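Just below is one structure, and these are the notes that go with it.
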Amino acid sequence: MKYLITGGAGFIGSHLADALVARGDSVVILDNLSTGNSHNIEELIGNPSVSFFNGSILDRDLVDQLVAGVDHVLHLAAAVGVFNIVDKPLESLRINLNGTENVLDACDRFSKPVLIASSSEIYGKNGGGPLNEESDRIVGSPLKSRWSYSEAKAIDESLGYFYFAEKSLAVRIVRFFNTVGPRQVGSYGMVLPRFVAAALKGEPLDVYGTGEQSRCFCHVADAVAGLLSVIDSESTIGQVYNIGSDREISIGDLAKLVIAQTHSASVVAHKSYEDAYGAGFEDMQRRIPDITKIKAATGWAPTRSLETIIDDIAGYVQHAGL
Ligand SMILES: NC(=O)c1ccc[n+]([C@@H]2O[C@H](COP(=O)([O-])OP(=O)(O)OC[C@H]3O[C@@H](n4cnc5c(N)ncnc54)[C@H](O)[C@@H]3O)[C@@H](O)[C@H]2O)c1
């Protein structure tokens, strides 16, 4: 199979490209290297089954040309990261809305199956128990840039779903919860690479807010295996699946675990959300995925522990000299 991966030089996309090539598939990567990095795919470049295009999903002609030439499209390109979204809300919205529409429209015209990478951010502030695919979205004002990513990803899902429902396009959707591992960068507000890099340098680990807010972290290799299990199944067409780990940990405890696991002399420091992201920032207390649906459909479940994740990120940070 020949796959187009939009955002294939990014964190998840590059691991996905590695996994597809390792199983014998061909990969075409479209990425504008905004948050992605050519280092992520340097081992793939030169491989005859891989080609890379430095361009944007906003370029309709390029998207058409690349979609026409493959068997299947995996759409991961997006403007991501809290700092990015808050700093450049307009550009982020255009990429996440118009870019996805370009990809879906091309897939429809060339009849190519497509997977859309969505996000647990669509649930917004819904901090109840484990969130299943039917759980409600609770989001703040559309005028707050914080929520524009959630809004755009939700519209992406609706667009994808109605291309399936009205036009019979083979669309699959996955909602990644906090996905972590080597190659993720901390500079856009991702907590775990930021903590690991600080711990390795002996610098304070800045916990935003009380630190009682909790998250679940899934190793990128597990997340990629989950995505592959979805695209390899016929029964997943027209469906949405949560992909994440269901081990919950508070951010305060995560900071302590990172310090212990990396044998660091760092201390935990506290910073207000306001100081970190500016006035009026809202965050959710808990975000836990219910992964019953994907387990039942494909048998997938994450296998790697949080300690393994921290070790892998630390190894990467040291190797990359970050
Ligand atoms: N990492 C997570 O925890 C997480 C959680 C939920 C959803 N996701 C989703 O997974 C996907 C991949 O995210 P990631 O964590 O690998 O982040 P990432 O920033 O590493 O990947 C996004 C990629 O898209 C590329 N890109 C951005 N704008 C583009 C454009 N206009 N044209 C072409 N390429 C463009 C970037 O350069 C980058 O390589 C995204 O759709 C994201 O919303 C990730």
Legend entry - Search result, residues across the range 190-212 that are in a loop (DSSP other than H, G, I, E, B), at pLDDT below 95 and either among the β-branched types (Val, Ile, Thr) or surrounded by fewer than 18 Cβ atoms within 10 Å (Cβ to Cβ) (or both): Gly209, Thr210, Gly211, Glu212
Legend entry - Test: residue in the range 157-174 that is under 16 Å from the mean Cα position of the chain (by Cα), touching a residue at least 40 places away in the same chain (Cβ under 8 Å) and more than 20 Å from Gly226 (Cα to Cα): no
Inset, instruction - Would you confirm whether any residue within the range 50-65 is assigned to a helix (DSSP H, G or I), of a type in the set (Asp, Glu) and touching a helix residue (DSSP H, G or I) at 6+ places or on another chain (Cβ under 8 Å)? - result: yes
Legend entry - Flag if Ser49 is within 13 Å of the ligand (Cβ to nearest atom) and among the hydroxyl-bearing types (Ser, Thr, Tyr): no
Legend entry - Given (1) surrounded by 18 or more Cβ atoms within 10 Å (Cβ to Cβ); (2) more than 30 Å from Pro142 (Cα to Cα); (3) of a type outside the set (A, V, I, L, M, F, W, C), number of the condition Pro289 does not satisfy: (2)
Inset, instruction - Only residues that are modelled with pLDDT of 95 or more and either away from the ligand (no atom under 13 Å from the Cβ) or over 30 Å from Asn178 (Cβ atoms) (or both): list them for the range 74-110, please. - result: Leu104, Asp105, Ala106, Cys107, Asp108, Arg109, Phe110
Legend entry - Which listed residue is more than 17 Å from Arg215 (Cβ to Cβ) and assigned to a loop (DSSP other than H, G, I, E, B), from Glu157, Glu134, Glu151, Glu166: Glu134
Inset, instruction - Output the qualifying pairs, or none if there are none: Cβ atoms under 9 angstrom, residues six or more apart or on different chains, first residue in the range 51-71 and under 13 Å from Asp105 (Cβ atoms), second residue in a loop (DSSP other than H, G, I, E, B) and β-branched (Val, Ile, Thr). - result: Val63/Ile57
Inset, instruction - Could you run through the range 1-38 and say how many residues are part of a loop (DSSP other than H, G, I, E, B) and surrounded by fewer than 19 Cβ atoms within 10 Å (Cβ to Cβ)? - result: 7
Legend entry - Set Ala265, Ala260: member being aliphatic (A, V, I, L, M), within 24 Å of Pro182 (Cα to Cα) and free of Cβ contacts under 8 Å to residues at least 40 places away in the same chain: Ala260
Inset, instruction - Looking at (1) in contact with a helix residue (DSSP H, G or I) (Cβ under 7 Å, 6 or more places away or on another chain); (2) at pLDDT below 95; (3) outside any helix (DSSP H, G or I), find the lone condition where Arg175 falls short. - result: (2)
Inset, instruction - Could you figure out which of (1) more than 11 Å from the ligand (Cβ to nearest atom); (2) in a loop (DSSP other than H, G, I, E, B) isn't true of Gln184? - result: (1)
Legend entry - Residue tally, condition assigned to a loop (DSSP other than H, G, I, E, B) and under 30 Å from Val73 (Cα atoms), over the range 232-279: 8
Legend entry - Cβ pairs under 8 Å, 6+ apart, first in the range 19-46 and under 30 Å from Phe83 (Cα atoms), second among the acidic types (Asp, Glu) and within 16 Å of the ligand (Cβ to nearest atom): Glu43/Asp18; Leu44/Asp18
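The values are calculated or read from the model by the stated rules, or taken from the named source; none is laboratory data. As the structure is a prediction and not an experimental result, all values here were calculated from the model. Glycine gets a Cβ as well: all are built from the backbone with ideal geometry, and neighbour counts include every protein chain shown.
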